[in-house]
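For reference, the structure discussed in these notes is given below.
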Amino acid sequence: LELHGRRKDGSEFPAEMRLSPQESEDGMRVISTVRDISERQRAVQALRDSEQRWQFALEGARDGVWDWNLATNEVFFSRQWKQMLGYQEHEIAGRLEEWDKRVHAEDKARTYADIERHLKGETPYYQNEHRVLCKDGSYKWILARGMIVSRDPGGKPTRMIGTHNDITGRKQAEETIRELSLVDDLTGLRNRRGFFVLGESQLSLARRLGRTVVPYFADVDGLKQINDELGHAQGDRLLADVADILRAVFRETDVIARLGGDEFVVLALEAPDIDTTASLVRLDEHLNQFNSSARRPYRVGVSVGVAQHGAESAESLAELLGRADAGMYQVKQQRRATR
């Protein structure tokens, strides 16, 4: 029985009474023991309060919570952890494999390396950003944090608790900012920085595939004259027109950029036997068609220089661009000489 006792000073305390009947020669006897259970009740209440706080954290927080038993690889995933990926409570079992098979292949090695560093004591806590597969087939960027909370007598980690936070929105915003920093405001093409960032990867890809990289360096004819005679608004319109024409002539996979002023460049990844003349002819056709139908107070013209970069060449992107620029200058000189 649990009941309340009263002390000599009048204060009350919770008590536990146990009654044990025993038969003897004198008849039935009842042995009673009474115990003060104040400390036990305080401990139970503290545990209940702790569980309530833990439950509130699990249900109320935006973060998903995980609790990993390193000895058995059993993992408790909170309801929010599962909902974050689009799953119902019963659709994900409590095993490490449930998380492991959903981590993006490109992020997995780096993620496990960060976990291992914490397990070895090289970092005070585990933190990593990686992509996790959702039920609908999309990926979400997750910020994972965790910490070892218990070890065996030998010091080996046995339990690790952590959280998952959806940072997809932040990643998208970062990508937008990064993209904006690589784009020319006037034309929407890549700017100088964007050209070199993407061009270097294009150059590396060409070397791996054994293909030719072809830069087309284009300089707009007569931009200064148009600015002086028609105004800078018309000059800006001319630059935007050139950008549209280059988009129409070249492929989406080519890196098209405005380096600044009246200079444009296209970096195309081509087959070894590509004929660059065909691209130049196609460019002339688009220019002629535009000039005959657009009804602008100016004619759009560009001078183009071309250079080729074989897969075996160690030439840098800047050097390759310099050769195309020199070729463009020669084209301008030849045009001036024939006027």
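The values are calculated or read from the model by the stated rules, or taken from the named source; none is laboratory data. Predicted model, so just to flag it, every value in this text is computed and none were measured. Positions of Cβ are generated from backbone atoms using ideal geometry, with glycine treated the same way; all protein chains shown enter the neighbour counts. Remember, those area values only see protein heavy atoms, side chains included, never the ligands or the DNA or RNA. Shrake-Rupley method; radii C 1.70, N 1.55, O 1.52, S 1.80 Å.
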task: Tell me which residues, restricted to the range 138-174, are at pLDDT 90 or above and hydrophobic (A, V, I, L, M, F, W, C).
output: TRP141, ILE142, LEU143, ALA144, MET147, ILE148, VAL149, MET160, ILE161, ILE167
field: Residues within the range 261-276 that are at pLDDT 90 or above, open to solvent by less than 40 Å² (accessible area, probe 1.4 Å) and over 12 Å from PHE217 (Cα atoms), tallied
entry: 0
- prompt: Just checking, how many residues over the range 130-157 are touching a residue at least 40 places away in the same chain (Cβ under 8 Å), open to solvent by 40 Å² or more (accessible area, probe 1.4 Å) and in a strand (DSSP E or B)?
  reply: 2
query: Which one is farthest from the chain's Cα centre (by Cα) among residues in the range 99-118 that are open to solvent by less than 40 Å² (accessible area, probe 1.4 Å) and within 20 Å of GLU74 (Cβ to Cβ)?
result: HIS118
field: Given (1) modelled with pLDDT under 90; (2) out of contact with any Ser or Thr (no Cβ under 9 Å at 6 or more places or on another chain), number of the condition ALA109 does not satisfy
entry: (1)
message: Quick check on this structure: which one of ARG323, ARG336 is charged (D, E, K, R), out of contact with any Cys (no Cβ under 8 Å at 6 or more places or on another chain) and at pLDDT 90 or above?
response: ARG323
field: Criterion: closer than 23 Å to ASP185 by Cβ and basic (Lys, Arg) - qualifying residue of ARG295, ARG211, ARG237, ARG207
entry: ARG237
statement: Of the listed residues (LEU205, LEU209, LEU180), the one being more than 29 Å from LYS140 (Cα to Cα), among the aliphatic types (A, V, I, L, M) and loosely packed, with under 15 Cβ neighbours inside 10 Å is LEU209
query: Is there a residue in the range 71-87 that is at pLDDT below 90, polar (S, T, N, Q) and out of contact with any strand residue (DSSP E or B) (no Cβ under 7 Å at 6 or more places or on another chain)?
result: no
query: When the residues of the range 34-56 are filtered to those that are in contact with a strand residue (DSSP E or B) (Cβ under 7 Å, 6 or more places away or on another chain) and part of a helix (DSSP H, G or I), which remaining residue is modelled with the lowest pLDDT?
result: GLN41
- line: Reported set for the range 74-96 where residues are more than 22 Å from the chain's Cα centre (by Cα) and in contact (Cβ under 8 Å) with a residue 24 or more places away in the chain is VAL75, GLU91, LEU96
